[in-house]
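Report on the structure given below.
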Amino acid sequence: MDLDFSPQDAAFRAEVRAFIAENYPQALRDKQRDEEALSKEDYLSWHRILAQKGWSAPSWPKEWGGTGWTPTQKYIWSEEQARADTIAVLPFGVNMLAPVIYTFGTEEQKARFLPGIRDGQVWWCQGYSEPGAGSDLASLKTKAERITGDDGKDYYLVNGQKTWTTLGQYADWGFFLVRTDANAKPQAGISFLLIDMTSPGVTVRPLITLEGGHEVNDVFLDNVKVPVENRIYHENQGWTCAKALLLHERSGIAGVARSKRGLERLRQVARTQLADNAGPLLADPFFKRKVAELEIDLTALEFTELRTLAGESSGKGPGPESSILKIKGTEIQQRLTELALEAAGHYGAPYLRGLPHNIGAIGPDEAHGVAGAYFNTRKTSIYGGSNEIQRNIIAKAVLGL
Amino acid sequence: MDFSFTDEQSMLRDTVASYLADHYDFDTRRTAVKSASGWRPEVWKAFAEELGILGAAFPEELGGLGGGAIDNMVVMEEFGKALVVEPYLGTVVIGGGFLKHANPAGAAELISGVIDGSVTFAFAYAEPQGRYNLANLVTTARKDGAGWVLNGHKAVVIGAPWASHLIVTARTGGAQRDAGGVSVFLVDRNAGGVVTRDYPTVDGRRASEVFFENVSLPASALIGEEGAALPLVEQVVDEAIAATCAEACGVLRKLHEGTLEYTKQRKQFGQPIAAFQVLQHRMVDMFIQVEQAVSMTYMAHIKLSEPAAERAKALSAAKVQIGRACRFVGQNAIQLHGGMGMTDEMAIGHYFKRATMIEGEFGSVDHHLHRYETLSLGA
């Protein structure tokens, strides 16, 4: 048991650090600093730079563009990206859909879809949840019926509504869970379909969240014709794909590197903000104690994640214990935003989104957007299977209760 | 021992509740807070004329109805239930508090203006460097002949865009954090040299950064004793804390009720999610927090008339409980609403945002724990 980074690891770290420093777009940096909304092209620009370097999909099989990095290298990679405050490569294609395609798809499907995901040419969104199917995902009702088109080819005719589709407003394609057998047991009648979002009958409607942002959408599917060859894996066995995908979603959700960076920023804020009496907030025993507790909590999560990574490198895929990473990871992300809001004091109150630029800054820079971030981050214990559902998974699948 | 309300107080509650039910539904409020001015002066006028509630907490000899802090509590709790943004706290509780306790020149006319709805106050006390320490002031008032010249920057002055007058804490002596040297002034919002930058707040109200640039004040602008007003400020802020706790009780009740209602009708796995024991226990814990918050709010109001040290200890204790309840109940209301709780279109998120802001108002949990510790256990 050791934690030492080898000389090769150190060299790798130096290499990726230098690459990020030299290649991360300054225009993106400026927008992030000013908390400007990012456009579709902004999101994809960094992805495409990484794709050119061959680093956009590190975890994939090598033949499709994976880097073949060791778990340690992947860990270093995520740390360096967080350290440099890069935007994240969008997870929907690279981390969520692609493992389903390279695990369950045909050779033809792999060749058709994986390059576009890897290279950041196609934006994917997720069509899982429905108004009546959240935690109980298997109760989904969106219906897909087999029909023969005028061209004599086989299609699914898809009807229904999906919701909470993150950044669906930019999506070129979506991966959807649909019901293909209404009479089977809930999990047994579901298929996994890839749908071109420009198909007639697809409507995306914004959902505004409580902090005022537009991240999520309703997606309406009204007689959408989907070629049968866009189905991944067997008909009525889409739940197998969905479960595998959720495991990947969960293991990536811990966000340790980003939270470590968040803690650094919190320390910085608390060094700048003043306590009730003279001196920085970080010298205030109450606040200091809370930051210390959070750091310890994050350290525990980091080592739990490292143990999971070590397990993966010895050939184990992510298992149900990845629910631990989801629960603790999101709790820590939420705690970070709580403390940032506390640190901002009175200046947590101004609502600056949509305020005309000419009014100038209100309050210190580090207080900008902290309340919005706190409100928005409440979603993390809800999405990807609520933390209550994750506890059910651990109870059943890990503890055998 | 008696925790019941008088007939007058019960009538006051009914009057306010029924007016708000008719005129302050969620959609109407939402439209109003997004409008250019962010509030409805006609609602304020109705409070004064139609309901007559702005005088409830003032003595009869000043034109009021002879009530007091408990009347403020009743009004504020109902306001919390409807997320009322109009400036009752700043005008009646805080402005009225300063005028009643200090009785400065012109107090009677100002109070009659408050009661008829023509005078509104905003309390400019916070400063960018001061966090929650009421004495941490760099705003100064310098003697100038018989009057004063005011200079400084006040942070996040809630309701300032709507106020006819500002009540301003400033240093007339002493060093930045000294208890001595604090004075309070009444400033016309439109006086020369008063510069404001107005903005909305995350919970749907309006506030300003207020800059005083050589503002000339007459001698009569002074409220309370020159250089010795910190005890007065603490008293009024304690009264404001009590009223804010009452508002929080209204907000918390709605968060809890809304969650019960939603989980009873939301079905997953073939049953209402309220049937799951883990959620039942969560809602029980929320309920306990709400009841404890209500108890502490009553306690806080009862102790407002105690000697300063006893009063301060009680109010800090109440604010700690309310702050914790706001966080626990607010966060869990969102969690139990699932994705729906995250949407702008549902009221629950708006109650959560108000609850979150109340956590920090007039001092965070940490601030009041420290104040309580010092008063109760010694420094």
Checked against the positive end of the charge dipole of the protein assembly as shown (+1 on Cβ of Lys and Arg, -1 on Cβ of Asp and Glu, about the Cα centre), the farthest of B:VAL290, B:TYR88, A:TRP123 is A:TRP123
Cα-based Rg and Dmax for segment A:179-237, in Å, come out at 14.8, 41
How would B:ARG131, A:ARG146 line up from fewest to most surrounding beta-carbon atoms within 10 angstrom? A:ARG146, B:ARG131
List, in order, the whole-Hz ³J(HN,Hα) value for each residue of segment A:212-228 obtained from phi through the Karplus relation with A = 6.51, B = -1.76, C = 1.60 and θ = phi - 60°; use x for Gly and Pro. x, x, 10, 10, 10, 9, 8, 10, 9, 10, 10, 6, 7, 8, 10, x, 4
Along the Cα→Cβ direction, 7 angstrom out, place labels at A:GLN187 and B:GLU50. What is the inter-label distance in nm? 5.8 nm
Whole-angstrom gap from segment B:164-219 to segment A:45-68, using each part's C-alpha centre: 57 Å
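Taking the Cα centre of chain A as the origin, how large is its charge dipole in debye, to the nearest 20, when only Lys and Arg (+1) and Asp and Glu (-1) carry charge on their Cβ atoms?
On the way: 45 positive and 50 negative charges, 103 e Å.
Value, rounded to 20: 500 debye.
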Extension reserve of the A:PHE19-A:LYS143 stretch, reckoned as 0.36 nm per residue once the Cα distance is removed: 40.0 nm
Residues whose placed amide H lies under 5 Å from that of A:GLN273, excluding near-sequence neighbours: A:LEU281
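D for segment B:194-349, whole µm²/s, Stokes-Einstein with Kirkwood Rh over alpha-carbon pairs at 20 °C and 1.002 mPa s: what number? Walk me through the numbers on the way to the answer.
Values: Rh = 18.6 Å.
It comes out at roughly 115 µm²/s.
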Hey, what angle do you get for helix A:238-252 against the long axis of chain A, alpha-carbon based, 0 to 90 degrees rounded to 10? 10 degrees
Return the Rg/Rh value of segment B:19-66, two decimal places, where both radii are evaluated on C-alpha atoms and Rh is the Kirkwood radius. 1.11
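Given the convex hull of the Cα atoms of segment B:65-134, what is a quarter of its surface area in nm²?
On the way: hull surface 24.1 nm².
Directional mean of the projected Cα hull area for segment B:65-134 stands at 6.0 nm².
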Once normalised by the length of chain B, the mean sequence separation of its alpha carbon contacts under 8 Å that are 6 or more apart gives a contact order in percent of 14 percent
Which aspartates and glutamates have a Cα lying under 18 Å from the Cα of B:LYS267, excluding residues fewer than 8 positions away in the same chain? A:GLU130, A:ASP136, A:GLU388, B:GLU257
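Only four residue types carry charge here, +1 at the Cβ of Lys and Arg and -1 at the Cβ of Asp and Glu. Report the dipole size of segment B:1-106 about the Cα centre in Debye, rounded to the nearest 20. Show your work: numbers first, answer last.
Values: 8 positive and 16 negative charges, 118 e Å.
That gives a dipole near 560 debye.
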Using modelled backbone amide H atoms (1.01 Å from N, in-plane), which distant-in-sequence or interchain residues come within less than 5 Å of A:MET197's amide H? A:TRP173, A:GLY174
Report the equivalent ellipsoid semi-axes for segment A:7-89 in whole Å, largest first, defined as the square roots of five times the eigenvalues of the gyration tensor built from alpha carbon atoms. 23, 15, 10
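Please report the antiparallel percentage of the DSSP beta bridges confined to segment A:134-223, to the nearest 5. Spell out each step's value before the answer.
Details: 23 of 24 bridges.
The answer is about 95 percent antiparallel.
For segment B:123-228, what is the per residue volume of the convex hull drawn over the alpha-carbon atoms, in cubic angstrom?
Numbers: hull volume 9.3 nm³, N = 106.
It is 88 Å³ per residue.
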Which of the three applies to segment A:124-236, rounded, prolate or oblate, going by the alpha-carbon gyration tensor with a ≥ b ≥ c and a/c under 1.5 meaning rounded? oblate
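Could you please report the charge total around A:ASP284, scoring K, R as +1 and D, E as -1 over all other residues with beta-carbon less than 12 angstrom from its beta-carbon? Each step should come with its number before you reach the end.
Working: positive: A:ARG271, A:LYS288, A:ARG289, A:LYS290, B:ARG131; negative: A:ASP276, A:GLU342, B:ASP366.
Local charge sum for A:ASP284: +2.
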Computed log₁₀ I(q)/I(0) - Debye formula, equal Cα scatterers, no solvent, chain A, q 0.07 Å⁻¹: -0.36
Point-to-point label distance, A:ASP151-B:LEU377, nm (Cα→Cβ direction, 7 Å offset): 7.5 nm
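About its Cα centre, how strong a charge dipole does segment A:7-89 have in debye, to the nearest 20, once Lys and Arg get +1 and Asp and Glu get -1 at the Cβ?
Details: 11 positive and 13 negative charges, 48 e Å.
With only Lys, Arg, Asp and Glu charged at Cβ, the dipole is about 240 debye.
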Counting every C-alpha pair in segment A:253-398, the percent lying more than 23 Å apart is 45 percent
Farthest toward the dipole's positive end in chain A, which of A:ILE190, A:GLY262, A:GLY360, given Cβ charges of +1 (Lys, Arg) and -1 (Asp, Glu) about the Cα centre? A:ILE190
At q = 0.15, 0.29 Å⁻¹, work out log10 I(q)/I(0) for segment A:333-386 with the Debye formula, treating every Cα as an identical point scatterer and leaving solvent out; two decimals please. -0.46, -1.10
How large is log10 I(q)/I(0) at q = 0.14, 0.17 Å⁻¹ when the Debye formula is applied to the Cα atoms of segment B:19-160, each weighted equally and without solvent? -0.78, -1.05
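So if each residue of separation counts as 0.36 nm, and I subtract the Cα-Cα distance between B:GLU261 and B:SER4, what length gain in nm does that give?
Numbers: separation 257, 0.36 × 257 = 92.52 nm, distance 2.78 nm.
Extending this stretch completely gives an extra 89.7 nm.
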In nm, give the distance between the simple-model label positions of B:THR31 and A:PHE286, each being 7 Å from the Cα along the Cα-to-Cβ direction. 4.2 nm
Restricted to Cα positions, what overall size does segment A:96-159 have along the principal axes? Three whole-Å values, descending. 37, 35, 21
Would you mind pulling out the separation of the Cα centroids of segment A:169-192 and segment B:271-335, in Å? 44 Å
Find which of A:GLY65, A:LEU44, A:ALA27 sits farthest along the positive direction of the dipole of segment A:23-70, computed with +1 on the beta-carbon of Lys and Arg, -1 on that of Asp and Glu, about the Cα centre. A:GLY65
Kirkwood Rh and Cα Rg combined as Rg over Rh, evaluated for chain B: 0.98
Burial ranking of peptide ranges B:93-104, B:34-45, A:276-287, A:208-219 (average Cβ count within 10 Å, highest at the top): B:93-104, A:208-219, A:276-287, B:34-45
I need the phi-derived Karplus couplings for segment A:201-207: 6.51 cos²θ - 1.76 cosθ + 1.60, θ = phi - 60°, integer Hz, Gly and Pro marked x. x, 9, 10, 10, 10, x, 10
Could you give me the ³J(HN,Hα) list for segment A:18-29, computed from phi with Karplus coefficients 6.51, -1.76, 1.60 and θ = phi - 60°, whole Hz, x at Gly and Pro? 5, 4, 4, 4, 7, 10, 6, x, 5, 4, 5, 4
Total formal charge among the other residues, if their Cβ is under 14 angstrom from that of A:PHE220, Lys/Arg +1 and Asp/Glu -1: +1
Between B:ASN190 and A:ALA111, how high is the FRET efficiency from 1/(1 + (r/R0)^6) when r is the Cβ-Cβ distance and R₀ = 56 Å? Nearest 0.05. 0.20
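Determine, for A:ASP30, B:ASP188, the number of other Cβ atoms within 10 Å of each Cβ, and report the residues in order from fewest to most. Display every interim value, and only then the final one.
Working: A:ASP30 10, B:ASP188 14.
Going from least to most buried by this count: A:ASP30, B:ASP188.
Considering Cα pairs under 8 angstrom that are at least six residues apart, work out the relative contact order of segment B:154-250 and quote it in whole percent. Walk me through the numbers before you get to the answer.
Details: 148 pairs, mean separation 29.9, N = 97.
Once divided by the residue count of segment B:154-250, the mean separation gives 31 percent.
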The protein assembly as shown, Kirkwood Rh and Cα Rg, ratio Rg/Rh at 1.01
Say the cut-off is 29 Å between C-alpha atoms; which of A:LYS396/B:LYS353; A:LYS74/A:LYS225; B:LYS100/B:LYS154; A:LYS62/A:LYS328; A:LYS260/A:LYS379 go over it? A:LYS396/B:LYS353; A:LYS74/A:LYS225; A:LYS62/A:LYS328
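The numbers here are math on the coordinates, done by the rules we state, and not lab data. Every value quoted in this text rests on a predicted model; they were computed, and no experiment measured them. Methodologically, a virtual Cβ is constructed for each residue, glycine included, from the backbone with ideal geometry; neighbour enumeration extends over all protein chains shown.
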